[in-house]
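The values are calculated or read from the model by the stated rules, or taken from the named source; none is laboratory data. None of these values were measured; they are calculated from a predicted model. Reconstructed Cβ throughout: ideal geometry from the backbone, glycine too, with neighbour counts over all protein chains shown. When the accessible area is computed, the model is the full protein with side chains, heavy atoms only, and any ligands, DNA or RNA have been set aside. Shrake-Rupley method; radii C 1.70, N 1.55, O 1.52, S 1.80 Å.
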Amino acid sequence: MGIPVKMPPFKTVFVTGGAGYIGSHTVLELVEAGYEVIAVDNFTNCVCGTEGQAASLKRVEEITGKKITFYQCDLLDKPRLAEIFKKHKIDCVIHFAAMKAVGESMILPLLYYKNNLIGTINLLEVMKENNCLQLLFSSSCTIYGNPDHLPINEKHSIGNVTNVYGRTKYIIEEMLVDLSKAEPEWNIISLRYFNPVGAHHSGRMGEDPTKAFTNIMPYIGSVAIGRKPYLTVFGDDYNTPDGTGVRDYIHVMDLASGHVAAMAKLAASHLKIKAYNLGTGRGVTVLELVRTFEKVTKTKVPVQMLPRREGDIESMFADATLACEELGWTAERSLETMCEDYWRWQIANPNGYRETDTADVAAKLAAIKESHGECSCQSTVNGVH
Ligand code: WQD
């Protein structure tokens, strides 16, 4: 099969893990960019709404006024995946579906290898059977391991990973490189995310993990809303400006627009395979993040210092030049906006996407206002529990 010279622009995009946090925000961005989206998810880490619909994608439909085609599907169920895939003429696939809890991956390694690796192999085989060779893979800065220089660019070594989740992402990247060598007609971009945070500015979509979460922003939100007494800060003895860990926090909507830019690149040129960092290029300490959140939301986030968390890296932030030069993409939203957008989602949906009893909505929000005072990002009362 020859390498196509000029690709027609993509129309229909197949999104695995499309109901998840990053997946659903990317689906919104794709729909707003004019693509038709076919989304699948197995609901391992997102909320199944009424009639088996994806709660997050119902919000996308509400915001965009467009219908999303959604199927509940586990990538380990290859026959079902194949049956769904061949119903549509798919131009490109964005592959988000994966288990991603670092701590859990160390306790259940086989589950993570089976789910993340076999699920990906099933997807690639079904794509090949349907002659769809255009792929965006959701990778992670975790594959860089402990960086030996900062900022990290795409030439930095990969594979020196400290956890099973990150190793699955690394192995999949290597698998895709081998596939591309054997079958150069594939056209693949791996996007290496730094730390995605925030929510759509409407307050109608956001991060709503159904598994026990470990990432920092949902914890900060739980403290700010009064669900937890304080934020545990893991380590204040790092060689950083205030001793706490440094990360490159990127707004989830900037991450979403990075996918739209990467897909346009695939449609315009045959890269075979290439990786791009999606980060802001700015390192922020844990305490800087907390203080920014407090300033923006006018809430208090008490902290308690604990020793370092095992497997944590001291500092990690991106050199995002390549994505700017070759994808025409840079992250635009500030740390303040990340905090403001997250908080608007959190107070309007303290129970995430789970249906709530609207009867006590106003009471709950009044209690939040009472204890935290007004802030610039109060939103209309929608689904506050
Ligand atoms: C951030 C900082 C913690 C929680 C994750 C994913 C990884 C990748 C990037 C996508 C660290 C500190 C945290 C808390 C804290 N994402 N922290 N108290 O570990 O950088 O990596 O995002 O692929 O896969 O695992 O993110 O949010 O857990 O931690 O002090 O309660 O916040 O020590 O410095 P991490 P995180």
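The table below lists the values:
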| read-out | value |
| --- | --- |
| The chain - percent relative contact order, Cα under 8 Å, separation 6 or more | 18 percent |
| Accessible surface of the chain, 1.4 Å probe, proportion on carbon and sulfur as whole % | 53 percent |
| Whole-number accessible area per residue in Å² for the range 92-212, which is evaluated in the context of all protein chains at 1.4 Å | 37 Å² |
| Equivalent ellipsoid dimensions for the chain as semi-axes, Å, which come from the Cα gyration tensor, largest first | 33, 25, 19 |
| Packing-based order for 53-62, 29-38, using average beta carbon neighbours within 10 Å, highest first | 53-62, 29-38 |
| Centroid-to-centroid separation of the range 283-312 and the range 65-114 [C-alpha atoms, Å] | 33 Å |
| Semi-axes of the equivalent ellipsoid for the range 14-61, Cα gyration tensor, largest first, Å | 17, 11, 9 |
| Length released on extending from residue 239 to residue 12, taking residue separation times 0.36 nm less the Cα-Cα span | 77.0 nm |
| Residue-span extension gain [residue 300 to residue 185] - 0.36 nm each, minus C-alpha spacing | 36.0 nm |
| Size descriptor, Kirkwood hydrodynamic radius, that averages inverse alpha-carbon separations across the range 175-241, Å | 16.2 Å |
| Å² per residue, accessible surface of the range 4-82 at 1.4 Å | 41 Å² |
| Cα-based reach from residue 300 at 20 Å (exclusive), listing lysines while leaving out same-chain residues under 8 positions away | 228, 364, 369 |
| Cβ-based net charge around residue 266, under 12 Å, with every Lys or Arg adding one and every Asp or Glu removing one | +1 |
| Accessible surface, per residue, of the range 225-294 when the full set of protein chains is kept, probe 1.4 Å, Å² | 34 Å² |
| The range 1-125: relative contact order as a whole-number percent, Cα under 8 Å and 6+ apart | 29 percent |
| Leading residue at positive end of dipole, the range 100-214 (Cβ point charges), from 153, 163, 136 | 163 |
| Within a Gaussian network of the chain (alpha carbon springs, distance under 10 Å), most fluctuating of 74, 248, 237 | 237 |
| Residues with amide H under 5 Å from that of residue 315, placed H, sequence gap 5 or more | 246 |
| Relative contact order (percent, whole number), the range 66-217, Cα cutoff 8 Å, 6+ residue spacing | 25 percent |
